[in-house]
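To start, the structure itself, in structure tokens.
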Amino acid sequence: MEFTESYKQTGPCCFSPNARFLAVAVDYRLVIRDVLSLKVVQLFSCLDKISYIEWALDSEYILCGLYKRPMIQAWSLTQPEWTCKIDEGPAGIAYARWSPDSRHILTTSDFQLRLTVWSLVNTACVHVQWPKHASKGVSFTQDGKFAAICTRHYGCFAVDTLDLADIEWSPDDSAIVIWDSPLEYKVLIYSPDGRCLSKYQAYESGLGVKTVSWSPCGQFLAVGSYDQMLRVLNHLTWKTFAEFLHLSTVRAPCYAAVFKEVDEPLQLDMSELCLSDDFIQGNSDAPEGHVRVRYEVMEVPITLPSQKPPADKPNPKQGVGLMSWSKDSQYICTRNDSMPTAVWIWDIHRLELAAILVQKDPIRAAAWDPTCPRLVLCTGSSHLYMWTPSGAYCVSNPLPQFSVTDLKWNSDGSCLLLKDKESFCCAAMPILPESSEYSSDD
């Protein structure tokens, strides 16, 4: 892996959908960089600090959310002189997003009073009253022709929920999944014309659904719950065909590899080492101890670090809070929030646990390579952690004082965006061979 130097950022950063550009928020400025050289190709000045950025699907336009104003500004890469400003006035703006055609912007006002569709072609606008949520509750079909919008009043059809949490079209646009708030375990499958195709309820008492995700192939629907269980439904009968439990103690028989992050001090020959006077007197800029991080394959049984959430506080840190499918739909990674340092990787084809990665620190982010089954995660340390079906390995970031707190893949899988608190860098990713063998010491 090759790392670039670090650059300043003060907010959101994201790759363009065509994988050619990188947008970076630096206070009031929107900096557009070329992905290959990281040279600045465009610089736009906004009216306030940038809180949110999103590329249009065609990578020609980009919007900036100035939520402190509140206001939206949009820019064009091909026409730098073109400008767009959206101000809802007293209604405010809580969230903004692009439509799939890249020529409309959808904004949600404060207190979810209305959702407005703004046209960049003829400046017309359409209002949808009483949207259910600000950033959730809107889902587009893959072809971009239709949108499902959840509202708090009767629309095209009512849904059988106590308090609708979110909605998502299936990848083939044949069905819509709707799930209820955590207070009621309910997953509903509807056809686009409003027919209820299936209703799934794993249990009645206790907190219910926490995460829901379609597989990229559209054949599987994964549901993560507060009961620490991952359930997978098939798209033919909408019945569960797999249930995976996240236990704090992993016992035999277990054919999955358990990788644990460990420190291994480097053995240095100190016999001919000469220390300067500044170092002897105590230099605060001296690097941290010479420690190499690697994975160690553990034997079962093994007890994973866990924490019991307090019973008197809302939104307990338990259950499947992180869930992500690999591009080929064969693997799905999960994190049980009561075991924040462990990521579980399940093989859907074999219906078994493939691996567990146990980190020293809580997992901040995990993302699959968009081109192959390669998982990358970060924990706020200076290292990256990767898993492939061939094994797991650790990569050290050579930049000094750089802690990886977030990461994002470019859409072509060529590089990673790594974020620290006030800086970012990119890492060029090697193409995986068909049968890559990685040692845990790499």
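The values are calculated or read from the model by the stated rules, or taken from the named source; none is laboratory data. What you see is a predicted model; the values in this text were computed from it and never measured. Here Cβ is always computed from backbone atoms with ideal geometry, including for glycine, and neighbour counts include all displayed protein chains. The protein model used for the area step is the full one, side chains on, heavy atoms only, and it has no ligands, DNA or RNA in it. Shrake-Rupley method; radii C 1.70, N 1.55, O 1.52, S 1.80 Å.
Counting Lys and Arg as +1 and Asp and Glu as -1 over every other residue whose Cβ lies under 10 Å from the Cβ of Trp368, the net charge comes to 0. Residues considered: Asn234, Asn410, Asn315. Largest GNM mean-square fluctuation over the chain, using C-alpha springs under 10 Å, is found at Asn315.
Can you tell me how segment 370-422 classifies by the Cα gyration tensor, rounded, prolate or oblate, using a/c under 1.5 as the rounded cut? Since a/c reaches 1.5 but b/c is at least a/b, the shape of segment 370-422 is classed as oblate. In the elastic network of the chain, a GNM with C-alpha springs shorter than 10 Å, the most mobile of Thr303, Thr405, Thr371 is Thr303.
Whenever you get a sec, compute what percent of the accessible area on the chain sits on carbon and sulfur atoms (1.4 Å probe).
On the way: 11070 of 21910 Å².
C and S fraction of accessible area: 51 percent.
All Cα-Cα separations within segment 124-187 were binned at 10 Å from zero, giving a P(r) of 20, 52, 25, 3, 0, each value a whole percent of the pairs. Only Cα pairs under 8 Å and 6+ residues apart enter the sum, and on that basis the relative contact order of segment 101-183 stands at 20 percent.
Rolling a 1.4 Å probe over the heavy atoms of the protein chains gives segment 198-259 an accessible area of 47 Å² per residue.
Per residue of the chain, what 222 nm ellipticity follows from adding -39500 (n - 2.57) for every DSSP H run with n ≥ 4, rounded to the nearest 500?
Estimated from H runs of four or more residues: 0 deg cm²/dmol.
Looking at this model, which pairs from Lys239/Lys260; Lys186/Lys313; Lys260/Lys327 are more than 28 angstrom apart at the alpha-carbon?
Working: Lys239/Lys260 35 Å; Lys186/Lys313 23 Å; Lys260/Lys327 25 Å.
Pairs exceeding 28 Å: Lys239/Lys260.
From the Kirkwood radius over Cα pairs of segment 155-260, Stokes-Einstein at 20 °C and 1.002 mPa s returns a whole-number translational diffusion coefficient of 144 µm²/s. Ligands, DNA and RNA are left out, and with a 1.4 angstrom probe the accessible area of segment 91-144 is 45 Å² per residue. Annotation: Leu164 carries an accessible surface of approximately 20 Å², with a 1.4 Å probe and no ligand, DNA or RNA atoms counted. Here the label points at Thr237 and Ser396, each 7 Å from Cα along the C-beta direction, are separated by 5.3 nm in the simple model.
Most fluctuating residue of Gly155, Gly321, Gly137 in a GNM of the chain with Cα springs under 10 Å: which is it? The residue that fluctuates most here is Gly155. Dipole magnitude for segment 323-363: computed about the Cα centre from +1 point charges on Lys and Arg Cβ and -1 point charges on Asp and Glu Cβ, it is near 60 debye.
Compactness ratio of the chain: Cα Rg over 2.2 N^0.38 Å, N = residue count?
Values: Rg = 23.8 Å, N = 442, 2.2 N^0.38 = 22.3 Å.
That works out to 1.07 for the chain.
For segment 45-98, what does the alpha-carbon gyration tensor say about shape, rounded, prolate or oblate, given a ≥ b ≥ c as the root eigenvalues, a/c under 1.5 as rounded, and a/b over b/c as prolate? Here segment 45-98 falls in the prolate category.
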